[in-house]
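The values are calculated or read from the model by the stated rules, or taken from the named source; none is laboratory data. All values derive from a computational prediction rather than experimental measurement. Reconstructed Cβ throughout: ideal geometry from the backbone, glycine too, with neighbour counts over all protein chains shown. Heavy atoms of the whole protein, side chains included, go into the accessibility calculation; ligands, DNA and RNA do not. Shrake-Rupley method; radii C 1.70, N 1.55, O 1.52, S 1.80 Å.
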Amino acid sequence: MTTLQALGLSYHAGVLCILDQTLLPEKEEWVVVRNPEHMIQLIQRLAVRGAPLIGIAAALALANFAKSSVDVCQIQNAAKALRAARPTAVNLMWAIDRMLATPHLDGENLLQAALQMAHEDKMMCEAMAEHAFALIEDGDQILTVCNSGGLATVGVGTALGALISAHQRGKRIHVYACETRPLLQGARLTAWELAKAGVPFTLLCDSAAATAMQQKKISSCFVGADRIAANGDFANKIGTYALALAARFHKIPFYAVAPESTCDPECPSGASIPIEERADHEVLGVKGSFGEVQWAPPGASVFNPAFDVTPFSLVSGVILNTGIRYSST
Ligand code: MRU
């Protein structure tokens, strides 16, 4: 296998491209990835995003770099820089570490390692969707946040992938998609994927989620994860913790869905997960294919963590490709 076509990434004849997710849903623009530094910029400005996808994308960029005439030291330096492009999703470190563990750091070996990980990611998505299927009832109204679909992996996705797959297999579900401030991955990307797949859905402001639960609109919640600690605590898009708290109060089942590449056995609990803090301008206003506007007074102080940590005690279970880890609380 030397080619790959996913919703947000392609690799054909040695050319690596990513779909610029900052321009969705208005424009579907593919960008050729020139080198590792370019890939780091694309990851940091979220043109390519989602925990499993950034790992595979970085691995492919490294393989392509190794195919140009560079030495092992240059490959190792590029790997180190790619590994540090974003701090929270452990899939990035997992993928680069697997690349560095290949017997020979040459272009062909690294390409095969990257494509093998892409294949595994696809298979893991299928397995997660299969486990989640048993937890989804006909008629369910399911809340999700951020984007954990085909745009975040090279397969069908994690949490959103499981919902789209359940719909395709005939379960009549309705998805409630939180818009996901500040960068609107829910409103822009999840809504785009759901519309493309023909899944009935409703968009809501993040702050309307607890009210939707109170009004009995929500049967269950399915969210993705960027890093799962050994004790089951997990990091996911900012706002996930608040959803889990509200779901617990309203006795609504709450599941995280993630592949093994998201598990970090080195992290004992959520307290050790590094949380990315992003630039002030993301909160002071908004920028996208629709233009740019700043609504807050210039110089206003901002707190902008990109992720939060949900304790395992607040979830019903974590759905992995290997099976479901239930929480006893
Ligand atoms: O900042 P992002 O858009 O990369 O954040 C993505 C998420 O939080 C997803 O929920 C997570 O990566 C899991 S999806 C496979």
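Okay, here's what the table says:
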| read-out | value |
| --- | --- |
| The stretch 207-303: chymotrypsin sites (Phe, Trp or Tyr not before Pro) in DSSP loop, at most 16 other beta carbons within 10 Å | 290, 295, 303 |
| Relative contact order computed over the chain (Cα-Cα under 8 Å; 6+ residues apart), in percent | 16 |
| The stretch 124-213: GluC sites (Glu not before Pro) falling in loop per DSSP and having at most 14 other Cβ within 10 Å | 137 |
| Considering only the stretch 137-326, percent of DSSP beta bridges that pair antiparallel, nearest 5 | 45 |
| Portion, in percent, of the accessible area of the chain that falls on carbon or sulfur, probe 1.4 Å | 55 |
| Candidates 102, 262, 22: whichever shows maximal mean-square fluctuation once the chain is modelled as a Gaussian network with Cα springs under 10 Å | 102 |
| GNM top mover of 297, 259, 311 - the chain, alpha-carbon springs below 10 Å | 297 |
| For the stretch 137-326: span of alpha carbons on each principal axis (Å, largest first) | 48, 40, 35 |
| Along the chain, longest interval not containing exposed trypsin sites (Lys or Arg not before Pro), exposed being DSSP loop plus at most 13 other Cβ atoms within 10 Å | 46-168 |
| Cα-only Debye scattering, the chain: base-10 log of I(q)/I(0) at q = 0.13, 0.15 Å⁻¹ | -0.92, -1.23 |
| Percent RCO, i.e. relative contact order, over the stretch 137-326, from Cα pairs under 8 Å lying at least 6 residues apart | 21 |
| Relative contact order of the stretch 203-257, defined on C-alpha pairs under 8 angstrom at six or more residues apart (%) | 44 |
| Where the chain is the region considered: accessible area per residue in Å², 1.4 Å probe | 41 |
| Within the stretch 215-307, GluC sites (Glu not before Pro) in DSSP loop having at most 13 other beta-carbon neighbours inside 10 Å | 266 |
